[in-house]
1. Only Cα pairs under 8 Å and at least 6 apart count here; give the relative contact order of the range B:200-308 as a rounded whole percent.
2. Cα to Cα, under 20 Å, and not fewer than 8 places away if on the same chain: which aspartates and glutamates meet these conditions relative to B:Lys408?
3. Going by average Cβ neighbours within 10 Å, how do the peptides B:759-772, B:610-623 rank, with the highest at the top?
4. Peptide B:257-265: average number of partner chain Cβ atoms within 10 Å per residue?
5. In Å³ and rounded to a whole number, note down the convex hull volume per residue for the Cα atoms of the range B:381-428.
6. How much of the calculated P(r) for the range B:481-622 lies past 23 Å, in percent of all Cα pairs?
7. Could you bin all the Cα-Cα distances of the range B:283-400 into 5 Å bins starting at 0 and give me the percent of pairs in each, rounded to whole numbers?
8. If you count, for every residue in A:36-49, the Cβ atoms of partner chains within 10 Å of its Cβ, what is the mean?
Amino acid sequence: MSPKREIAFTLNGVPTRASVSPELSALALIREVLGLTGTKLGCGEGECGACTILVDGRSVNSCLMFALDCEGRSLVTIEGLAADPLGARIEQAFVEAGAVQCGFCTPGMVVQAHNLLTAHPHPTREQIRRGIEGNLCRCTGYFKIVEAIERAAGAQE
Amino acid sequence: MQIIARETLIGKRIAKLDAPEKASGKTRYIHDLDLPGQLYGKILRSGRVHAKILRIDTSKAKALPGVHAVITAADVPWQRPIGVARDHLPLKTDRVRSPRDEIAAVAAQSEEIAQAALRLIEVEYEDLPVLTDPLDALAPDAPLIHPEPHGADGGTEHLKPGAPVAYSGRPDNLAMTFDYEQGDVARGEADSDLVVEDTFRLHYVTHCCMGVSGIIAEFDSSGNLTMYSNTQVPFLHKREFAEILGMDPARIRIIQPPIGGGFGSKLDIYPFEPICVFLARATGRPVKLVFSREEEFLASPTRQPVILKLRSGCRRDGTLTFRAVETIHDNGAYTSWGATTPFVMMQTVSSLYRVPHCSYHTKAVYTNNPYAGSFRGYGNLQATFAVESHMDRMADALGIDPLEFRLKNAQDPGEVTPQGMQFKTCGLKECLKSAAELGDYQAKRRAYAALQAEPGRFKRGVGLASMLHVGGGAKIYPSDGCGTILKMDDFGAVTLITGASEIGQGSETVLAQLVCEELGLPLSAVRVVNNDTEITPWDVGVHASRTTFIGGNSAIGAARKARAKILDAAAKQTGLPAQALDLRAGQIVEERSGNPLLSLAKLIRSLHFSDKAELVMTTHYYEPPSHHQDRQFKGDVSAAYAWASQVVEVEVDTETGAVRLLKVSGAHDVGRVLNRLGIEGQIEGGIVMGQGYALTEELIVEQGRIRNPAFRDYKLVTAPEIPEIAVRFVETLDGEGPQGAKGVGEAPAICIAAATANAIENATGVRILALPFTPEKVYRALREER
């Protein structure tokens, strides 16, 4: 085992310190070290988007990011989005639009939708589809996920 | 006083009860659960396609600090074979038959240590001749996959009667056969003006559940086993695990955490599950075993690959005369549910359309390839692909519009098919007409056909296909039932304890809705408990699109008993006859006027805190009025049948071979819409799963090895690729269905590939007989044709 290093960062608005080994991913830091299990491991290879988090406001596949690279950054996970008005609106829209089936991809989708709507508050349907193309869902066929994001965007007015 | 009108939740758009937890990341899947003192399990797989195991040395792995147990078959001489044919030992003894085969397993204090320990296990193999082409499997000189009885230590203990290990081996590679006949195919052929024959090739795809397979197993100090499992069939598993482990079933408890996708993949017991139990037993600690994504691709089941020869005939006027099917099912190295897909395939062959003479023959043959399980649609995608391709071929050969051709041969309500299926309700003709209208099928088909020979890189086409599937359960086991326990608390709230499992499809919401309908309660007054065999009553499991139908009827039965008890008590208190009363919005009301008479909660408390002191608690077991098939595969196996037609519109890039799905227009006989939001979600998701099967997904298997075990190379449909869709519900109000509903879970995925094949033909004039329609395959087909 490699020697651990202490890092400091902000997690969902809370200043946080953790001791991490160099090979640890940001996803493992969040799930295993800090115990927040809302962020999911779907593939571990950056292909499915289930592990999407916000790092300094931008969406990232946390399975591909080293925990050490979280030093000094601000991380927001699905657990932190509920406190954010846009995050809460998106979650509500996912519930109401029927965008959730097995739910395993949902946290990553919600975080990605937040990223999309922050950059493009009034996206077209095409932009929404492009915006979530890195997030796989096996249950819904994406229709109601797209609708939920449209609904959340509409609710911003 | 406020008048309370009767309100209904049926057909409304109801958000799933579990959605808020899931959308906020609070739901705890198996991957998110950890038990105190838990160890981590890992499995060593052979990596060899076919080989003898000469030697296994685990001593270095056992010596690694943090390793609590390393086990091989020698450590569990009492292990018993699993799977549909009981031909599969969890830990292999003397021979491996595919690269995913389990050789040894480790339990360690961390995943990293378990992984490191696997690398320290030494195994010596002697490679054996490999069999990977199912067409070669029955040749006299083919390598045999299960030549010897296999079991404990390669010894003879298992040959004694009643001994734990039971697989006797086979002198050939024949895993299973299915032979069905109706009428006289030779006579049908003699009666035909047109006969067509093709061989269709259906490929490997896999479920790709977003949550990978996993289990936690734990023994208590009295030897009782608890498994946290993603199974779709907890009660069948309880019994089967007892058999495999040599345990009393009463000592096995299965708890199902929320599941990250099922789609049929969790209908069988797979080696990792008993292996995890072996590790828990060996260490006396809870053991958690979760796959990596790569392992999920390599070692979870696939959809059944099929080579299907179809011969079909009809008369000049378009009347079908006969259909004859022969298939080779590549069974892979072991037998799971994939081998049994002929049960469903022959229904489509014999009964989707009226056809007097029919034969269906399957040989499922052992190879060293991956093995298939059950997968949403259960053989029906494969059978429908062939049958509906031929419907278009025959219509075109006769010069009849394919819609008219199908309508001429379509089933009607009241039909009893030669296979014994009774179509009490049947919306096929309405589905055909509705889908054709929604997709503007007839006009577009003529227009696109006329453009085939015109210059131009992009060609469009429309294709139509229909499907028949069980919609009222499927009587495969001794019982196809589901139990419900319903209890009401002192405040008028309901706990619905059901055997029916939720796998993301929305069953708990629809069951709660059906209960609310009987008891006049808002959804917020119902809690559903559905995931613990120690608490819930028996259910056969989530399969065959049965949960809403069977679980729904069971929940309604329990709710009606509670309603009767409440209204009887209310009648005594109000002096009105029970028939004059109704339950609405948590109140007892006068049925005709809607005048509230007393609150439900108060009534229940008055029952509870009275001299007679009783609670409102009811139970109900629902068994559908369906029948087992006889040995000739005849019988009315489902209490209702679901129908659908879909029109697919595609654009083919004739320079690259790329096919784009533009629009899917579907009409579904669902009996009745219960939760509109939920049923739309099932249909939309099914359509896109069908799209992946038709166009993008393929598990590439070369010489027994899976070449693309990652999402990078196994192409799931992503959001930008989804088509426009239009769906119409045909509500035939089935007399046996809960509020008239039928099952819908599998239906939407079934026709897409067949309809896409027909659409590509309409666009290009080229018929492709093998899936998936990748750019390369389409490109080659277009070039060969010209």
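1. On the way: 168 pairs, mean separation 49.4, N = 109.
So the answer I get is 45 percent.
2. B:Glu189, B:Asp191, B:Asp193, B:Asp317, B:Glu388, B:Asp392, B:Asp396, B:Glu430, B:Glu437, B:Asp440, B:Asp669
3. Values: B:759-772: 21.8, B:610-623: 14.1.
Taking the mean over residues of other Cβ atoms within 10 Å, the ranking is B:759-772, B:610-623.
4. 3
5. For the range B:381-428, the hull spanned by Cα atoms encloses 92 Å³ per residue.
6. Values: 3391 of 10011 pairs.
The calculated P(r) of the range B:481-622 puts 34 percent of pairs beyond 23 Å.
7. 2, 11, 19, 17, 14, 11, 9, 6, 5, 3, 2, 1, 1, 0, 0
8. On the way: counts 2, 9, 7, 1, 8, 7, 10, 11, 5, 6, 2, 7, 5, 3.
Taking the mean over all residues of the peptide, I get 6.
We did not get these values from a lab; they are worked out from the coordinates using the rules stated. Keep in mind that this is a model prediction, so the values were computed, not measured. Glycine gets a Cβ as well: all are built from the backbone with ideal geometry, and neighbour counts include every protein chain shown.
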